[in-house]
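Have a look at the structure below before the remarks.
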Amino acid sequence: MRLIVLALVLLASQDAFAKKCTATFRSVSGSVTDAQGVPLPNTAVGVSWSIGRTPGGPAIGHTDANGRYSIPVRIRTMCSDPAPKYSVTAYSATQHSQEERLEDTPVRLVVPTLRVTEEILFEPVWPDEATH
């Protein structure tokens, strides 16, 4: 009889444990503009995250015609893990925004407007002469 009671207690505790340790779902949303504040359509937006010292991501999306985006993010965590920390950056063909860092909040992360103002430096790639 004690074994049956013990087995039932263990099964009940496993069910409660499993419910507390599910994947984390978030929606990261915001808008992207140029240096003058004009919304940038069809601009790439990348979301990455870390849990403790373990990096994750990326989740990638793009802006709509009004420069807005919403990117769903699903993160698998263990119950003992610290809350995820997020970073978001926007990229056009020749520029990018500064990285915005966010702390975890329930359900939805709203990012301040990302301003795409920093030039992406392109460096020519030369074949390695040692391999030829």
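The values are calculated or read from the model by the stated rules, or taken from the named source; none is laboratory data. Fair warning: this is a prediction, and the values are worked out from it, not measured in the lab. Quick reminder, even Gly has a Cβ in these numbers, built from the backbone with ideal geometry, and neighbours come from all protein chains shown. Surface areas here come from the heavy atoms of the whole protein model, side chains and all, with no ligands, DNA or RNA. Shrake-Rupley method; radii C 1.70, N 1.55, O 1.52, S 1.80 Å.
Please go through the range 39-132 and write out the GluC sites (Glu not before Pro) that DSSP classes as loop and that have at most 15 other C-beta atoms within 10 Å.
Answer in residue order: 99.
With every protein chain present, what accessible area does residue 96 have (1.4 Å probe, heavy atoms only), rounded to the nearest 10 Å²?
Near enough 50 Å² of accessible area.
Rounded to the nearest 10 Å², what accessible area does residue 122 have for a 1.4 Å probe in the complete protein model?
Accessible surface of residue 122 is approximately 150 Å².
Sorting 126, 49 by accessible area (1.4 Å probe), largest first, what list results?
Most to least solvent-accessible, the answer reads 126, 49.
Out of the range 24-132, which trypsin sites (Lys or Arg not before Pro) are coil in DSSP terms and have no more than 15 other C-beta atoms within 10 Å?
53, 76
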